[in-house]
Amino acid sequence: MQPHLIVSDLDGTLLGADHDLAALTIDTLRALAEEGHGLCLASGRHHRDMVGFRDRLGGAAHIISSNGAWTLDAAGQCVRSAHLRPEQVEMLLGLPRPSEVRLNMYREDAWLIDDHAPGLLALHEATGFEYQVAPTERMEVQGVGKVLYIGEPRLLATIEAAAREAAGDALHITYSMSHSLEIMAAGVNKGSAVSALLDDLGIPAERCLAFGDNLNDLEMLSLAGEAHVMANAHPQLAQDLPGATVIGHHAEEGVARCLRRRFGLADERHG
């Protein structure tokens with residue numbers, strides 16, 4: 001069998017409702033790696049937050065983090081990065097925003113936030129990754145892969161409109177969840193990062209299986225030869241990708257069960 005590249009988003013896709021990897025998922029991806037297939041975790045998360053998941057898969061997975069701003073090889077070395085320009089970061093930090101909207105920044109080695117938001121940490125309990133609180137005026141504008149705003153959708157819509165008016169096509173703007181507005185440099189997205197990784201590995205897009213659940217997965221799913229949308233996905237995603245296959249729910253190991261059928265792995269029962 002020719003090797004494939006299996007690429008999956010994390011939250012809402014590969015991870016369960018507890019934002020962690022299920023035993024069936026770990027067993028399935030380890031088995032496929034042992035058969036010679038490539039693995040890639042592609043997420044809006046910071047790469048330091050993703051390393052723990054990769055290690056539990058046997059350390060064989062590539063990492064695409066911050067929606068494509070950084071790519072790490074299976075050995076954990078950064079092979080590609082794309083940062084916002086400092087003046088773009090300054091503009092984004094200066095956009096008017098309501099006090100209840102949290103401004104976040106992903107730099108090479110840290111997740112910065114403008115004020116405490118304990119509820120966000122629940123998403124990262126499985127990895128222990130935590131933010132560092134920093135006043136906006138003290139946030140470093142160099143080496144920033146992603147700026148994100150977290151808040152109510154109606155409030156984020158106003159910030160999105162202001163960013164688009166200020167920067168036009170010079171930014172890539174998307175949502176990883178309805179309450180998470182994510183902004184990278186133009187051309188930076190999971191799709192462009194996966195395309196570059198496929199070139200690195202010498203695997204054609206036709207042999208790429210991709211899995212996702214939200215709008216920041218659109219470009220990645222669009223290029224994959226076999227695109228899969230979760231049952232719990234954002235409704236717009238399936239509409240934009242009529243050729244994609246809708247599979248099971250992320251809380252029911254939908255990705256693992258799909259892969260076991262696709263590659264003929266023996267059925268395994270897990271608790």
Could you work out how much longer the chain between Arg30 and Gln77 gets when fully extended? Use 0.36 nm per residue separation minus the Cα distance between them, nm to one decimal.
14.9 nm
For the ranges 114-120, 83-89, what's the packing order if you count other beta-carbon atoms within 10 Å of each residue, average per peptide, and put the highest first?
83-89, 114-120
In degrees, nearest 10, range 0 to 90: what is the angle between the Cα axis of helix 190-201 and the longest Cα principal axis of the chain?
50 degrees
Assigning unit charges at the beta carbon (Lys, Arg +1; Asp, Glu -1) and nothing else, what dipole magnitude in debye, to the nearest 20, does the chain show about its Cα centre?
260 debye
Which of the peptides 206-213, 51-58 is most tightly packed, and how do the rest follow, judged by the mean count of other Cβ atoms within 10 Å per residue?
206-213, 51-58
Please give the helix 153-167 orientation as an angle from the longest Cα principal axis of the chain, in degrees from 0 to 90, rounded to the nearest 10.
70 degrees
Angle in degrees between helix 47-56 and the longest Cα principal axis of the chain, rounded to the nearest 10
20 degrees
Identify, among His172, Ile6, Pro235, the residue whose Cα sits farthest towards the positive end of the charge dipole of the chain, taking +1 on the Cβ of Lys and Arg and -1 on the Cβ of Asp and Glu, with the dipole about the Cα centre.
Ile6
Run the numbers for Arg138 and Asn232: contour at 0.36 nm per residue of separation, minus the present Cα-Cα distance, in nm.
30.0 nm
Quick check for you: which residues of the stretch 102-123 have the amide N under 15 Å from the point 7 Å beyond the Cα of Thr158 toward its beta carbon?
102-103
Most packed first (mean Cβ within 10 Å per residue), the peptides 194-203, 10-19 order as 10-19, 194-203
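No value in this document is a laboratory result; all are computed from the given coordinates. What you see is a predicted model; the values in this text were computed from it and never measured. Don't worry about glycine lacking a Cβ; one is built from the backbone with ideal geometry, like all the others, and counts go over all protein chains shown.
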